[in-house]
Amino acid sequence: MSQTTATRRLRRHLHFDALIRLARKRFDTFPEQRRCPSYPLTDALTAGLALFSLKDPSLLAFCGRALDHNLYSVFGLPSIPSDTQMREILDEVQPDQLRPVFKDAFRQVQRGKILEDYVFLEGCYLVALDGVEYFCSKKVHCDHCMTRTHKNGTVSYYHQMLGAVIVHPDFAEVIALAPEPIQRQDGQTKNDCERNAARRWLKQFRKDHPHLPVIITEDALSSNAPHIRDLLDYHVHFILGVKEGDHKYLFEQYQQRLEANQVEAVHEEDAATGASRSWLFVNDVSINESNQEVLVNLLVYVEVDATGTTHTWAWVTDLTLRADNVQQVATGGRTRWRIENETFNTLKNQGYHFEHNYGHGYKHLAEVFALLMLLAFLIDQVQQKCNALFQKAWDKKGSKSALWETVRQVFAAFEVSSMAEIYQGIAFGFKRPTLKILIDQAAESQNNTS
Ligand SMILES: [Zn+2]
């Protein structure tokens, strides 16, 4: 068997239909807590995944779908729950149980050799971490909502999550890992915070992937001593943004080294664009005055564009900076934006309705819906990366929103046996019934009724 045939076969496990089957298999292992379940738990979870895969604008729209052949053939759903039923069932699901579903998909990505493409530097994968708010309301709230009291005394209830995605500067697609909720913890009266969520995320991440070599990249809010200690404790490398205004002591050390001529530098002139670029770096500086023992390496990247405008970025890292790796480290730091752009903005603006309230529940519903949506996004991203039929269908429709719209139309209009058939139909067209047959059928029904 040739390498390509083997890879193609492995990649079939990464196609939409295979990943849906894999998720269902995992849902089947969830313990049933209800005494007399009126609707199976696996089906309720799969219905949630189907809702976000089809990207229906509301739960009512999904539950109002005519019970059809395709819900069974594509998602294995023999029936659709009512919206109330679905909310009640999913509200009771412990969100932690969904973590292995992300891991299952990740394993397939690894087996299908997709992950290999994402090796970024020194054999490590680049993981972007960032917090995002996905729910906010002045009325609706649950046991896990955080609260924000405004100046006028009104209270907002909100949920956030710490998203984590494997990114690479050469690819638009990201591979989502299980996120960590930033929300009120069981029995707590205080709000949660991103730093605590990051600590929980690291612990879980190392449980799920004990040996995965990664470099975590985050924004400047993360560049504090306790968080850096956590990152080192969990054996992950890091490239974290820093700002001169927020990291005064760090930049004073940099300035002193500059004056003493102890800062190394790499320069590059770009003849094509007229820009000039410099990477200036020092190893072993303290992150701040009160944590002198937390040593980091500082990289300052300065770009002067053709108009003479200067742009400066800076990061701290545990990777020893050398003339031969500083360009790649800076690229890693700048690739962080993919979690905002390719992940959160896609979820908000490209048909996933990330901030739409599909139902909030009393316990876990808001979080379970957010996780199922992220799972649907992960499956879609894998299609975008390695499914030629998906790529062709997307290309034909021109935009994600147009593709999702057409998937919904085809799903409603044709009997299909799989999502692959839908992508195929969008990409290459369907065999439509001829007009002659339609006329004959119409005439026959006319005769029957007269
Ligand atoms: Zn809530």
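The values are calculated or read from the model by the stated rules, or taken from the named source; none is laboratory data. Keep in mind that this is a model prediction, so the values were computed, not measured. In this analysis, Cβ positions are derived from the backbone assuming ideal geometry, glycine residues included, and neighbour counts consider all displayed protein chains. Surface accessibility is based on the protein's heavy atoms, side chains included, excluding ligands, DNA and RNA. Shrake-Rupley method; radii C 1.70, N 1.55, O 1.52, S 1.80 Å.
Taking all protein chains as shown and a probe of 1.4 angstrom, HIS267 keeps an accessible surface of around 130 Å².
Each principal axis of the Cα atoms in the stretch 306-447 has its own extent, and those three values, largest first, are 83, 47, 30 angstrom.
Residue order by solvent-accessible surface for ARG12, ARG24, ARG229 is ARG12, ARG229, ARG24, largest first, with ligands and nucleic acids left out and a 1.4 Å probe. For the chain, find the longest principal axis of its Cα atoms and tell me its angle to the long axis of helix 41-54, 0 to 90°, nearest 10. With rounding to tens, the tilt is 80 degrees. Could you state the number of Å between the C-alpha centres of the stretch 252-276 and the stretch 8-55? Cα centroid to Cα centroid, the span is 53 Å.
Spacing of the modelled spin labels on GLU444 and TYR72, each 7 Å from Cα toward Cβ, amounts to 2.3 nm. Within the listed set LYS431, LYS392, LYS190, the Gaussian network model of the chain (springs between alpha-carbon atoms below 10 Å) gives the highest mean-square fluctuation for LYS431.
Summarising the label geometry, the points placed 7 Å from Cα in the beta-carbon direction at THR273 and ALA61 lie 3.9 nm from one another. If I model the chain as equal point scatterers sitting on the Cα atoms and use the Debye formula, what is log10 I(q)/I(0) at q = 0.09 Å⁻¹? Each listed q corresponds, in turn, to -0.68. Taken over the stretch 106-238, lysine pairs spaced eight or more positions apart, or on distinct chains, with alpha carbons under 30 Å apart number 9.
What is the gain in length, in nm to one decimal, between GLN85 and ALA225 on full extension, counting 0.36 nm per residue of separation less the C-alpha to C-alpha distance?
Working: separation 140, 0.36 × 140 = 50.40 nm, distance 4.66 nm.
Stretched out fully, the GLN85 to ALA225 stretch lengthens by 45.7 nm.
The magnitude of the dipole of the chain, with charges of +1 and -1 set on the Cβ of Lys/Arg and Asp/Glu and taken from the Cα centre, is near 1500 debye.
Calculate what fraction, in whole %, of the accessible area of the stretch 217-372 sits on carbon and sulfur atoms when a 1.4 Å probe is rolled over the protein chains.
It is 46 percent, rounded to a whole number.
Residues considered: GLN350, GLN255, GLN383. Largest GNM mean-square fluctuation over the chain, using C-alpha springs under 10 Å, is found at GLN255. The stretch 78-101 and the stretch 351-390 have Cα centres spaced 13 Å apart.
So which trypsin sites (Lys or Arg not before Pro) in the stretch 252-346 are both in a DSSP loop and have at most 13 other Cβ atoms within 10 Å of their Cβ?
On the way: sites: ARG257, ARG277, ARG322, ARG334, ARG336, ARG338; in loops: ARG322, ARG336.
For trypsin sites (Lys or Arg not before Pro) across the stretch 252-346 that sit outside H, G, I, E and B with at most 13 neighbouring Cβ atoms in 10 Å, the list reads ARG322.
Per residue, the accessible area of the chain comes to 48 Å² when a 1.4 Å probe rolls over the protein heavy atoms. Calculate what fraction, in whole %, of the accessible area of the stretch 49-96 sits on carbon and sulfur atoms when a 1.4 Å probe is rolled over the protein chains. Heavy-atom surface of the stretch 49-96 belonging to carbon and sulfur, 1.4 Å probe: 53 percent. Spin-label model, ASP318/GLN255: points 7 Å from Cα along the beta carbon direction are separated by 3.0 nm.
Based on the Cβ-Cβ distance from GLU92 to ASP28, what FRET efficiency comes out when R0 is 25 Å, to the nearest 0.05?
Working: r = 17 Å, r/R0 = 0.67.
Efficiency at R0 = 25 Å is approximately 0.90.
Simple rule: put +1 on each Lys or Arg Cβ and -1 on each Asp or Glu Cβ in the stretch 73-151, find the dipole, and look at VAL140, SER82, LEU126; the Cα lying farthest toward the positive end is VAL140. In the assembled protein chains, ASP284 presents an accessible area of approximately 90 Å² (probe radius 1.4 Å). To the nearest 10, the accessible area of TYR157 is 50 Å² with a 1.4 Å probe.
Against the chain, whose longest principal axis is taken from its Cα atoms, helix 99-111 shows a tilt of about 80°.
Which residue, GLN255, ILE216, LEU374, has the largest displacement toward the positive end of the dipole of the chain when charges sit on each Cβ (Lys, Arg +1; Asp, Glu -1)? Value computed over the given set: LEU374. Under 10 Å, Cα contacts only: if you run a Gaussian network model on the chain, which one of PHE428, PHE251, PHE354 comes out with the highest mean-square fluctuation? For the chain, modelled as a Gaussian network with Cα springs under 10 Å, the answer is PHE428. Out of the trypsin sites (Lys or Arg not before Pro) in the stretch 49-143, which ones are loop residues according to DSSP with at most 13 other C-beta atoms within 10 Å? Answer by residue number: LYS138, LYS139. The angle separating the long axis of helix 248-259 from the principal Cα axis of greatest extent in the chain is about 50 degrees.
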